[in-house]
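Chemist: The structure is given below, and queries will be raised subsequently.
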Amino acid sequence: MEELTRKIREKARSMGATVLAHNYQRPEVQDAADFVGDSLELSIKAMQTDAKTIVFAGVDFMVEQAAVLNPGKTVLTPEPGSICPMAWQIDPPVVEEYRKKYPGAPLVVYVNSFVEVKALADYVVTSSSASKLVSKLDAERILFGPDKNLASYVAETTGKDVTAVPLNSYCPVHIGITSSKVMAAKDKIPDAKILVHPECPPETRRLADFVGSTSQIIKAAGEMDAKRFIIGTENGVVHRISKLYPGKEAYPVSQDTICPNMKKITLEKVYRSLVEKETAVKIDEKIAGKARKVLERSFTLLGVEVPWLRK
Ligand code: SF4
């Protein structure tokens with residue numbers, strides 16, 4: 001494994017490429033990457049790097065988003081079959097159906113969606129910015145998709161009437177982090193703080209000491225005055241916390257909280273992607289341009305500098 005990591009590092013350096021890995025990737029893939037983070041952090045990192053080639057170890061919508069934000073760079077996926085089933089639950093016909101049903105309601109889409117959907121949205125958010133952006137909207141009814149659990153979290157934290165688009169959309173990994181599993185984990189480690197992702201069901205979130213995105217969970221584990229944590233998100237985050245904070249202990253809610261699609265990417269596939277320069281992500285530039293406008297509007301409303309307009 002170490003030999004392959006060394007070969008990846010050497011190959012990336014020799015061809016001026018950078019390797020980015022999502023927090024949910026296998027530990028060894030995280031350790032071989034130049035940068036590890038959540039989907040938005042990785043997209044911004046992709047924009048900041050001078051590298052013209054980016055190998056993105058993440059699922060389909062993340063790789064696509066990096067390509068949308070980086071016209072002119074080559075974005076490679078080591079495994080095109082690494083998909084996010086939740087992102088596939090919303091598409092333009094679904095958007096049209098809900099727009100017709102709820103005329104005038106702003107549509108806020110989760111970053112876990114494809115460029116065609118982002119281009120049709122009013123705003124795009126991450127799990128860390130969803131509540132903040134929705135609270136700024138001058139509307140009481142909000143359409144939010146995909147993910148009924150994140151939609152309910154946004155409703156709880158903003159007091160607005162948030163309709164999930166589509167109604168039964170969910171992440172198959174986070175929906176499995178049930179309250180009974182969390183209670184069983186807490187029984188084993190009573191002094192542990194419980195940190196969960198807002199894609200978890202509402203009953204699970206109610207048991208938590210902290211609810212936040214993967215990056216917010218990682219940050220909270222570093223800042224909280226506690227030694228042990230039960231982590232209610234994909235188990236790749238447990239590795240990240242253990243690596244960043246050697247004095248702290250992170251435990252998964254259960255061993256099966258694994259996103260199988262994220263785990264399809266192996267060190268071998270990352271290396272092959274660099275050597276064969278495969279598989280390059282192709283984007284329709286016209287649709288990408290529309291999606292970038294929606295992202296710009298979203299960053300502006302959040303008071304965040306638009307990364308690609310930075311001087
Ligand atoms: S954990 Fe859920 S939302 Fe994240 S990539 Fe896997 S299926 Fe998609």
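Nothing in this text is a laboratory measurement; each read-out follows from the coordinates by a stated rule. All values reported here derive from a predicted model rather than from experimental measurement. All Cβ positions, even for glycine, are placed from backbone atoms using ideal geometry, and neighbour counts span all protein chains on display.
Chemist: Which one, Val281, Ser127, Ile177, is farthest towards the positive end of the dipole of the chain when Lys and Arg carry +1 and Asp and Glu -1 on their Cβ?
Modeler: It is Val281, whose Cα lies furthest towards the positive end.
Chemist: Based on DSSP, what percent of beta bridges with both residues in the chain are antiparallel, to the nearest 5?
Modeler: For the chain, the DSSP antiparallel bridge percentage is about 5.
Chemist: Please name whichever of Leu150, Ile194, Val117 sits farthest to the positive end of the charge dipole of the chain, dipole taken about the Cα centre and charges placed at Cβ: Lys and Arg +1, Asp and Glu -1.
Modeler: It is Val117.
Chemist: Would you mind computing, in nm to one decimal, how far apart the modelled labels at Met183 and Lys290 are, each placed 7 Å from Cα along Cα→Cβ?
Modeler: Using points 7 Å along Cα→Cβ, the separation is 4.8 nm.
Chemist: Ranked from highest to lowest mean number of other Cβ atoms within 10 Å per residue, what is the order of the peptides 2-10, 66-74, 247-255?
Modeler: Descending mean neighbour count gives 66-74, 247-255, 2-10.
Chemist: For the chain, calculate the relative contact order in percent as a whole number, restricting contacts to Cα pairs under 8 Å that are 6 or more residues apart.
Modeler: 22 percent
Chemist: With θ set to phi - 60°, apply the Karplus curve 6.51 cos²θ - 1.76 cosθ + 1.60 along region 269-281 and write out the HN-Hα couplings as whole Hz, x wherever there is a Gly or Pro.
Modeler: Whole-Hz 3J(HN,Hα) from phi for region 269-281: 5, 5, 5, 4, 4, 5, 5, 8, 6, 10, 9, 6, 8.
Chemist: Rounded, prolate or oblate: which fits region 171-216 when a ≥ b ≥ c are the square roots of the eigenvalues of the alpha-carbon gyration tensor, with rounded for a/c under 1.5 and prolate only if a/b beats b/c?
Modeler: oblate
Chemist: Still on this model: Take the alpha carbon gyration tensor of the chain, find the square roots of its eigenvalues, order them as a ≥ b ≥ c, and report rounded if a/c is under 1.5; if not, report prolate when a/b exceeds b/c, else oblate.
Modeler: Oblate, since a/c reaches 1.5 and b/c is not below a/b.
Chemist: Which value, in debye to the nearest 20, describes the size of the charge dipole of the chain about its Cα centre when Lys and Arg Cβ atoms bear +1, Asp and Glu Cβ atoms bear -1, and nothing else is charged?
Modeler: With only Lys, Arg, Asp and Glu charged at Cβ, the dipole is about 440 debye.
Chemist: Within region 1-138, how many Lys pairs sit with Cα atoms under 21 Å apart, leaving out pairs fewer than 8 places apart on the same chain?
Modeler: Qualifying lysine pairs in region 1-138: 12.
Chemist: Still on this structure, please answer the following. What is the log10 of I(q)/I(0) for region 174-252, computed with the Debye formula using one identical point scatterer on each Cα and no solvent, at q = 0.18, 0.20 Å⁻¹?
Modeler: Debye output, listed in q order: -0.61, -0.76.
Chemist: For region 1-151, calculate the relative contact order in percent as a whole number, restricting contacts to Cα pairs under 8 Å that are 6 or more residues apart.
Modeler: 16 percent
Chemist: Still on this structure, please answer the following. Multiply the residue gap between Asp209 and Tyr245 by 0.36 nm, knock off their C-alpha separation, and tell me the result in nm, one decimal place.
Modeler: Difference between extended and current length: 11.1 nm.
Chemist: Go through Thr257, Ile241, Ala291 and say which Cα lies farthest out towards the positive end of the charge dipole of the chain; charges sit on Cβ, +1 for Lys and Arg, -1 for Asp and Glu.
Modeler: Checked the options; the winner is Ala291.
Chemist: Then there's this: If each residue's Cβ is checked for other Cβ atoms within 10 Å, how do Met15, Met86 rank with the fewest at the top?
Modeler: So the ranking, lowest neighbour count to highest, is Met15, Met86.
Chemist: Lys136 versus Ala226, label points 7 Å from Cα toward the beta carbon: distance in nm?
Modeler: 3.0 nm
Chemist: Can you compute the label reach from Thr300? Point 7 Å from Cα along the Cβ direction, backbone N cut-off under 15 Å, restricted to region 123-151.
Modeler: The answer is 123-124, whose backbone nitrogens lie closer than 15 Å to the label point.
Chemist: Using helices alone, what [θ] at 222 nm do you get for the chain, with -39,500 (n - 2.57) per DSSP H run of 4 or more residues, divided over all residues and rounded to the nearest 500?
Modeler: So the calculated ellipticity at 222 nm is -12500 deg cm²/dmol.
Chemist: May I pose another question? So for region 1-77, averaging the separation of alpha carbon pairs under 8 Å that are six or more residues apart and normalising by length, what relative contact order in percent results?
Modeler: Once normalised by length, the contact order is 28 percent.
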